[in-house]
Amino acid sequence: MKYSIIAFCIAIGLTTACTQSNTSDGAGKTIYDVVFRENLAGTYEKWKTVDQSFGFYYTFTDRGRGPEYTEEISLNEQNFITSQTVKGVNYLKVSIDESFSSDDATATSKNLMGTSTSDFDGGQLYFRYDGSPAVYEVLAQLLLKAGTGRVALYPEGEAELTKKIPLQLSNGESVELLVINGLDLDPTYVWMMGDQMVGKIAGNLHIVRKDLSDLRLEMKKLQGEIEDESLIEVAKNLTHSFDKAVIQNVNVFTKKGALLENQDVFVEGKTIKAIVAAGKKAAAKDATLIDGAGKTLMPGMFDMHTHNDKFRGLLYLAGGVTSVRDMANNKQLKSLAAQFDDNEILGPHIVAYCGIIDGSGPYANQRNVVETLEEGLAEIQDYKNLGYQQIKLYSSIRPEWVTPLTEKAHELGMRVSGHIPAYMTATQAINQGYNEIQHVNMLFLNFLSDTIDTRTPLRFTMPAQHGADLDLSSREYLDFVNLLLEKDILVDPTAAIFENMLMAQSGELSPTYQAVANRFPIIDQRSFYTGGLSKEGEQVARYKASFEKMLAVIFDLFQKGVPIVPGTDGLPGFLYHRELELYVKSGIPAAEVLKLATIKSAEITGVSGSVGSIEVGKQADLILINGNPLADISDIRKVEWTMKGGSLYYAHELYNSVGVKHFK
């Protein structure tokens, strides 16, 4: 294969003269396809401007969201960035204008954190807040040249090349897959051909040089096998086995939401064998003894809104979550669940499976899109055959399909939940068969109009702008609550994601992550400053008031007896802890919140006979908290260890494996 001058030189930092090839668009650009959820969603382009300087363009679309950036980078002789500009909009369509410049002794950066100047020796890589994939190629080249396999980042942090795996593609091309740690919770995988990046595959987002696009799925498969090997190794290294264990002198959280103090809890294998007053029963000589003095033993918690993948499972365990509902995924989910249960890969029990269906259109979810009602009905049957208990309808479903789809699901004994389809209200969806509503914003849209295209970001901005006006004593609102009660509708608020959307300000640390931000790798830390929905002027106070009204609604629904479940739809563990904190902030007593997180969720998912409370004969899915979350709900973050399926996992070890600092 021939390389274009661009392929050449964008081996950024190379100065070899090259000739144009089919990686180029004919204008000196190297083109990459951007594939999102298996659909061609955008493009990434790069070109040389002058010596050691390069231009980039990057965009993709996702249901009305998605970034669009133009970028310029200049490099020094060692291939470090000396100047950079990024302009455009980020994933949430917030305007971005970022820059970096340096001389022999100082560097100045302007980004969402403001403008700052500090010492700079030219041997650190500036890692932009927002922008194209260009920096990953620069970093990969630096790591390949570094004798230590490490590169210092500016203004802080370090990236490490942990593996360099030579591979050959089916077309005969030799490539290397680099595994880089230190940037994100997940390892960063970069495909290189010589000094040029030819691909970057991360979850559903794939960036592959255009001439290799036909090999993208092959590359994905090869990378997936390598990822699995790494995750299996992590599971082996971080799993601690025992035959018998005794948690001594610990305070036990009960089904009634109280503490039974100074107890010894005896576990054999996967089962709780005894709960007795401390010192009243002798421990077996071969038992593992665990000091629980002054600490709280709780049942493993339930995250009731997740989308699981193989990478983040250990974060649930580190955060004390041992069971989850998966609220939309691919149809291979049960294979992942088996890996979790067999401890081949670390992760929680998946105790409920929800299939997703969306209609076609520009804002379709893309996970499972149907063109006709008949296809939708067939999908419901397919999910039932796979053992799924629930169907989630999404925003592009045609309103006239809702009744027949829900009727089909109910005939099969399945629940129906989801977003409210565009041009419908929650009241209409409930009357046509919904059993559950995801996201508190969907409740607020019920009082605005059935003319809102909720496929678009209007489903966020309309409640943000007008939610503060909702009158909880109005007849319209009270009638809606009565409908929720009459139809026994479950509400899955995911409050924490709306706190971040409505309350966070660009350049300021989001209140959602304030307690934990400094524990994370650099990319994650920076994401906590992006500011959620774009807002300025009177919108800042308006959005804040609307979020406070969301909390008021959550508390009101709880008081009136509408079932509420804690779920995240986001960062495992950490966002769940914040969800519980927000419920307490709304006015729900901590003990009741912890019951929602454990026994109530176990009852709703139909597994309370085996998990959800600490009782003799039940599974020993347990967590030890260094504190008392009934007195201070934020102590729920202080998980020391999690016990699941007869194995013990220490939170500090789990966090360390993904570059997160422990709470200590």
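The values are calculated or read from the model by the stated rules, or taken from the named source; none is laboratory data. Since we're looking at a predicted model, the values are computed, not measured. We place every Cβ from the backbone using ideal geometry, glycine too, and count neighbours over all the protein chains shown.
Any chance the stretch 308-316 includes a residue that's within 30 Å of ILE497 (Cα to Cα) and touching a strand residue (DSSP E or B) at 6+ places or on another chain (Cβ under 6 Å)?
Yes, there is a match, as at least one residue in the stretch 308-316 is within 30 Å of ILE497 (Cα to Cα) and touching a strand residue (DSSP E or B) at 6+ places or on another chain (Cβ under 6 Å).
So, of the residues in the stretch 405-451 that are among the β-branched types (Val, Ile, Thr) and surrounded by fewer than 19 Cβ atoms within 10 Å (Cβ to Cβ), which turns out to be farthest from PHE480 (Cα to Cα)?
For the stretch 405-451, the residue satisfying everything is THR451.
Return the residues of the stretch 252-271 that are under 23 Å from ASP286 (Cβ atoms) and assigned to a loop (DSSP other than H, G, I, E, B); say none if nothing qualifies.
If the condition is that a residue be under 23 Å from ASP286 (Cβ atoms) and assigned to a loop (DSSP other than H, G, I, E, B), then GLY269, LYS270 are the ones that fit.
For (1) of a type in the set (A, V, I, L, M); (2) more than 22 Å from the chain's Cα centre (by Cα); (3) on the phi > 0 side of the Ramachandran plot, each residue gets a yes or a no:
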{"position": "ILE201", "(1), (2), (3)": "yes, no, no"}
{"position": "SER213", "(1), (2), (3)": "no, yes, no"}
{"position": "ILE226", "(1), (2), (3)": "yes, no, no"}
{"position": "LYS236", "(1), (2), (3)": "no, yes, no"}
{"position": "ASN249", "(1), (2), (3)": "no, yes, yes"}
{"position": "LEU260", "(1), (2), (3)": "yes, yes, no"}
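To keep it simple, each residue is scored yes or no on (1) farther than 30 Å from ASN368 by Cβ; (2) touching a strand residue (DSSP E or B) at 6+ places or on another chain (Cβ under 7 Å); (3) crowded, with 19+ Cβ neighbours inside 10 Å; (4) at pLDDT 95 or above.
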{"position": "SER21", "(1), (2), (3), (4)": "yes, no, no, no"}
{"position": "SER24", "(1), (2), (3), (4)": "yes, yes, yes, no"}
{"position": "ALA41", "(1), (2), (3), (4)": "no, yes, yes, no"}
{"position": "TYR44", "(1), (2), (3), (4)": "no, yes, yes, yes"}
{"position": "VAL50", "(1), (2), (3), (4)": "yes, no, no, no"}
{"position": "PHE56", "(1), (2), (3), (4)": "yes, yes, yes, yes"}
{"position": "ARG65", "(1), (2), (3), (4)": "no, no, no, no"}
{"position": "GLU72", "(1), (2), (3), (4)": "yes, yes, no, yes"}
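Give me the pairs: first residue in the stretch 356-377 and in a strand (DSSP E or B), second residue among the basic types (Lys, Arg), beta-carbon distance under 7 Å, and six or more apart or on different chains, which are they?
What qualifies is ILE356/ARG367; ILE356/LYS392; GLY359/ARG398.
Being of a type in the set (Gly, Ala, Ser), under 27 Å from LEU112 (Cα atoms) and surrounded by fewer than 18 Cβ atoms within 10 Å (Cβ to Cβ): is that true of GLY537 here?
Yes; evaluated as a whole, the condition is true for this residue.
Checking LYS164 against (1) among the basic types (Lys, Arg); (2) without any contact (Cβ under 8 Å) to a residue 40 or more places away in the chain; (3) crowded, with 16+ Cβ neighbours inside 10 Å: exactly one of these is not met. Which one?
(3)
Can you tell me which residue within the stretch 111-132, out of those that are surrounded by fewer than 16 Cβ atoms within 10 Å (Cβ to Cβ) and among the charged types (D, E, K, R), is nearest to GLY55 (Cα to Cα)?
Only one residue tops the list, namely ASP121.
All but one of (1) buried (at least 22 other Cβ atoms within 10 Å of the Cβ); (2) in a loop (DSSP other than H, G, I, E, B); (3) touching a Leu at 6+ places or on another chain (Cβ under 9 Å); (4) among the β-branched types (Val, Ile, Thr) hold for ILE636; state the number of the condition that does not hold.
It is condition (2) that ILE636 fails.
Of everything in the stretch 639-663, what is assigned to a helix (DSSP H, G or I) and either closer than 16 Å to ILE290 by Cβ or small (Gly, Ala, Ser) (or both)? Give them in sequence order.
Answer for the stretch 639-663, where residues must be assigned to a helix (DSSP H, G or I) and either closer than 16 Å to ILE290 by Cβ or small (Gly, Ala, Ser) (or both): ALA651, HIS652, GLU653, SER657.
Listed here are the residues, each with its yes/no results for (1) closer than 26 Å to ASN330 by Cβ; (2) at pLDDT 95 or above.
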| residue | (1), (2) |
| --- | --- |
| LEU386 | yes, yes |
| ILE391 | yes, yes |
| HIS419 | yes, no |
| ALA426 | no, yes |
| ILE430 | no, yes |
| GLU436 | yes, yes |
| SER449 | no, no |
| GLY467 | no, yes |
| PHE480 | no, yes |
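Every residue, every condition in (1) among the aliphatic types (A, V, I, L, M); (2) within 30 Å of LYS270 (Cα to Cα), yes or no:
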{"position": "THR322", "(1), (2)": "no, yes"}
{"position": "ASN330", "(1), (2)": "no, yes"}
{"position": "LEU333", "(1), (2)": "yes, yes"}
{"position": "PRO362", "(1), (2)": "no, no"}
{"position": "ASP382", "(1), (2)": "no, no"}
{"position": "LEU386", "(1), (2)": "yes, yes"}
{"position": "ALA409", "(1), (2)": "yes, no"}
{"position": "PRO421", "(1), (2)": "no, no"}
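Going through GLU160, GLU98, GLU156, GLU137 one at a time, which residue ends up being charged (D, E, K, R) and in a helix (DSSP H, G or I)?
Result: GLU137 is the single residue among GLU160, GLU98, GLU156, GLU137 that is charged (D, E, K, R) and in a helix (DSSP H, G or I).
With the stretch 519-597 as the region, which helices (runs of 4 or more DSSP H) entirely inside it contain at least 1 residues that are closer than 18 Å to GLY257 by Cα and at pLDDT 95 or above?
Passing ranges, in order: 538-560, 574-586, 590-595.
Among the helices (runs of 4 or more DSSP H) lying completely within the stretch 424-501, list those that include at least 1 residues that are closer than 16 Å to ALA552 by Cβ and in the same structural domain as GLY570 (by TED's automatic domain parsing).
Answer list for the stretch 424-501: 440-445, 458-466, 475-486.
Quick one: in the stretch 367-394, which of the residues that are within 20 Å of ASN308 (Cα to Cα) and of a type in the set (Ser, Thr, Tyr) is nearest to the chain's Cα centre (by Cα)?
TYR394
How many of the residues making up the stretch 133-149 are exposed (fewer than 15 other Cβ atoms within 10 Å of the Cβ) and under 29 Å from TYR69 (Cα atoms)?
1
Yes or no: the stretch 282-299 includes at least one residue that is touching a residue at least 24 places away in the same chain (Cβ under 8 Å), assigned to a loop (DSSP other than H, G, I, E, B) and either assigned by TED's automatic domain parsing to the domain that holds HIS419 or of a type in the set (S, T, N, Q) (or both).
No; the residues of the stretch 282-299 include none that is touching a residue at least 24 places away in the same chain (Cβ under 8 Å), assigned to a loop (DSSP other than H, G, I, E, B) and either assigned by TED's automatic domain parsing to the domain that holds HIS419 or of a type in the set (S, T, N, Q) (or both).
Here is a check on your reading of the model: is GLY617 over 19 Å from ASN251 (Cβ atoms), in a loop (DSSP other than H, G, I, E, B), touching a Lys or Arg at 6+ places or on another chain (Cβ under 9 Å) and in the same structural domain as ASN343 (by TED's automatic domain parsing)?
no
Only one of (1) under 22 Å from TYR353 (Cα atoms); (2) surrounded by 24 or more Cβ atoms within 10 Å (Cβ to Cβ); (3) in contact with a Phe, Trp or Tyr (Cβ under 8 Å, 6 or more places away or on another chain) fails for THR605. Which number is that?
Condition (2) is where THR605 drops out.
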